[in-house]
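The values are calculated or read from the model by the stated rules, or taken from the named source; none is laboratory data. For clarity, every value in this text was computed on a predicted model and none was experimentally measured. Note that we place each Cβ from the backbone using ideal geometry, even for glycine, and neighbour counts take in every protein chain shown. Note: accessible area is taken over every heavy atom of the protein model, side chains too, but ligands, DNA and RNA are not part of it. Shrake-Rupley method; radii C 1.70, N 1.55, O 1.52, S 1.80 Å.
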Amino acid sequence: MKYSPNSPILLSSSLHVDEARKAISQLVKELLEESNAIADPADIETVSLDQAIDRILAEDLLSPIDVPAADNSAMDGYAFAGKCLDTSAPEITLQVIGTVFAGKPYDGKIQQGECLKIMTGAVMPTGCDTVIPQELTIAQDAVQIQFKQHQLKLGENRRLRGEDLQAGKPAISAGRLLRPSDLGLAASLGIATLQVRRKLKVAILSSGDELCSLGTSLTAGSIYDSNRYSLSGLLNRLNLEIIDCGIVRDDPASLKEAFIEASSKADVLISSGGVSVGEADFTKQIMQELGDVGFWKIAMRPGRPMAFGILKSSTGQSPARKTLFFGLPGNPVAVMVTFYQFVRSALLQLNGASQTEVPLTQAISAAPIRKKSGRTEFQRAILERGADGKPTVRLTGSQGAGILRSMSEANCFVILGHNQENIAAGDWVDIALFEGLL
Ligand code: AMP
Ligand code: MG
């Protein structure tokens, strides 16, 4: 089914969070399938490893070598031919004929009854296939060692060539949001540059007559524009190119001009404010002229109103260039919640990432939480270890959609599902951590 932002289901009085996510993902998929896709999969850049963090890998990274390149010792100990373990004697004694260090392969020969002192990572000498760890020897000096036969099997404590990766096989799959370990892995293969997707260009703007820029004094009834700063922080975490379009007044001409300007430059436009019931009417009118945008009432808290769809740039290109548009609610917490829930995964999907969802985990609620069935709630909370050692979560103060402190003090969302009702102290609840180990 072709996505349409104004299809009846999406205009239903309350859209389930999952339906909204599905509709967004469907539109992104369609955009990617179009030949004039806004993030053309062919848009690939080559970057050095030190520039590759948080970029999305564009092609499978094939290992050019076996890792490890040779059989080597997994322990500090003594290497020998393991067939001598096939004996009924309870103890085995071996003569030490030398030492093998990591990085200095041993080129001598070893006879039955002999062993070599070996360091972790050193290449297994020819004829050796087993290592007795230093701490399992019952006697050792410079010339001989002794250990109990039953403590070891042939082949133990040896890492095999190609055990981690085989030459020609994918070491990292396309679509990976590159993490520090991926950069280390690429380096371990001798690879200095990676093919990544180009950075998406994301325009942000704040709309509202009451908004004041930083550096100016607040006048009566005005507030500082905080949303652009939380949004740019969120976007910087995704290593994207941000186009800051500033504050736009609640006036149809200015708003229209700003939308046209932003969509001519950006792959994605994220605005905040101006989509709540009182204000949506004139925003809606502008959107009808500029593209195909639906105005949704999502069954969630915070973040109920949201606009979503595409803007078509009228720069004379044929077919028209398309910009994905998210009109987020103005409330500072709602902006962040809707970003985490809807925008983040759409940006990742648009840029070819294979993993786009925020991972969930669970914790025990320290206190009761009131919850109405029929909407998904995103409460701000602190996850910590309870006195019993179990993960415990407690809400951060007042949960109003405008109270950014509830978010600033929190380290996670407690996510209460659509059909869930009141939570009792001690119940397990779903949580999504703001910061992972990524
Ligand atoms: P709106 O969605 O435009 O009706 O705004 C909802 C609430 O969020 C109002 O209290 C606005 O003053 C506030 N708000 C809107 N935009 C911003 C912004 N950029 N920074 C801080 N607060 C905002
Ligand atoms: Mg407003």
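Brief remarks follow.
- Any hit, segment 268-275, residues being open to solvent by 20 Å² or more (accessible area, probe 1.4 Å) and at pLDDT below 95: no
- Some residue of segment 282-298 being in contact (Cβ under 8 Å) with a residue 12 or more places away in the chain, within 17 Å of GLU210 (Cβ to Cβ), assigned to a helix (DSSP H, G or I) and within 16 Å of ligand 1 (Cβ to nearest atom): yes
- Any strands (runs of 3 or more DSSP E) falling wholly within segment 60-126 and containing at least 1 residues that are touching a Lys or Arg at 6+ places or on another chain (Cβ under 8 Å) and either among the hydrophobic types (A, V, I, L, M, F, W, C) or surrounded by 17 or more Cβ atoms within 10 Å (Cβ to Cβ) (or both): 77-80, 91-100
- Count of residues meeting criterion [open to solvent by 20 Å² or more (accessible area, probe 1.4 Å) and part of a strand (DSSP E or B)] in segment 405-415: 1
- Those residues of segment 360-388 which are open to solvent by 60 Å² or more (accessible area, probe 1.4 Å), part of a strand (DSSP E or B) and charged (D, E, K, R), in sequence order: GLU384, ARG385
- ALA280 being open to solvent by less than 50 Å² (accessible area, probe 1.4 Å), more than 16 Å from ligand 2 (Cβ to nearest atom) and closer than 24 Å to TRP296 by Cα: no
- Neighbours by Cβ (under 6 Å, 6+ apart or cross-chain): first from segment 150-169, free of Cβ contacts under 8 Å to residues at least 12 places away in the same chain; second aliphatic (A, V, I, L, M): none
- Evaluation of GLY330 against the conditions (1) away from ligand 2 (no atom under 16 Å from the Cβ); (2) within 18 Å of LEU205 (Cα to Cα); (3) open to solvent by 30 Å² or more (accessible area, probe 1.4 Å) shows that the sole unmet condition is (1).
- Within this structure, LEU136 fails the test of being within 16 Å of ligand 2 (Cβ to nearest atom) and not acidic (Asp, Glu).
- Unique residue being under 30 Å from ALA174 (Cα atoms) and not aliphatic (A, V, I, L, M) when the list is GLY352, GLY386: GLY352
- Residue match in segment 416-433 (condition: open to solvent by 50 Å² or more (accessible area, probe 1.4 Å), closer than 30 Å to ARG179 by Cβ and without any contact (Cβ under 8 Å) to a residue 12 or more places away in the chain): no
- Residue match in segment 34-41 (condition: under 26 Å from ASN236 (Cβ atoms) and surrounded by fewer than 16 Cβ atoms within 10 Å (Cβ to Cβ)): yes
- Yes/no for LEU231 being under 30 Å from ARG197 (Cβ atoms), crowded, with 18+ Cβ neighbours inside 10 Å and either over 27 Å from the mean Cα position of the chain (by Cα) or away from ligand 2 (no atom under 16 Å from the Cβ) (or both): no
- Pairs, first touching a residue at least 24 places away in the same chain (Cβ under 8 Å) and more than 11 Å from ligand 1 (Cβ to nearest atom) in segment 253-280, second among the β-branched types (Val, Ile, Thr) and open to solvent by 60 Å² or more (accessible area, probe 1.4 Å), C-beta under 9 Å, six or more apart: SER264/THR315
- Considering segment 249-277, the residues that are small (Gly, Ala, Ser) and within 16 Å of ligand 2 (Cβ to nearest atom) include one that is farthest from LEU27 (Cα to Cα), namely SER254.
- Of all residues in segment 146-188 being among the basic types (Lys, Arg) and in a loop (DSSP other than H, G, I, E, B), the one that is nearest to ASP129 (Cα to Cα): LYS153
- Residue in segment 107-129 that is at pLDDT 95 or above, closer than 22 Å to ALA69 by Cα and among the charged types (D, E, K, R) present: yes
- Number of residues in segment 299-312 that are under 20 Å from LEU347 (Cβ atoms), among the small types (Gly, Ala, Ser) and either without any contact (Cβ under 8 Å) to a residue 60 or more places away in the chain or away from ligand 1 (no atom under 15 Å from the Cβ) (or both): the value is 2.
- Selection count where residues are within 28 Å of GLU435 (Cβ to Cβ), in a loop (DSSP other than H, G, I, E, B) and open to solvent by 40 Å² or more (accessible area, probe 1.4 Å), scope segment 189-212: 2
- Single unsatisfied condition, GLY352 versus (1) assigned to a loop (DSSP other than H, G, I, E, B); (2) more than 16 Å from ligand 2 (Cβ to nearest atom); (3) modelled with pLDDT under 90: (3)
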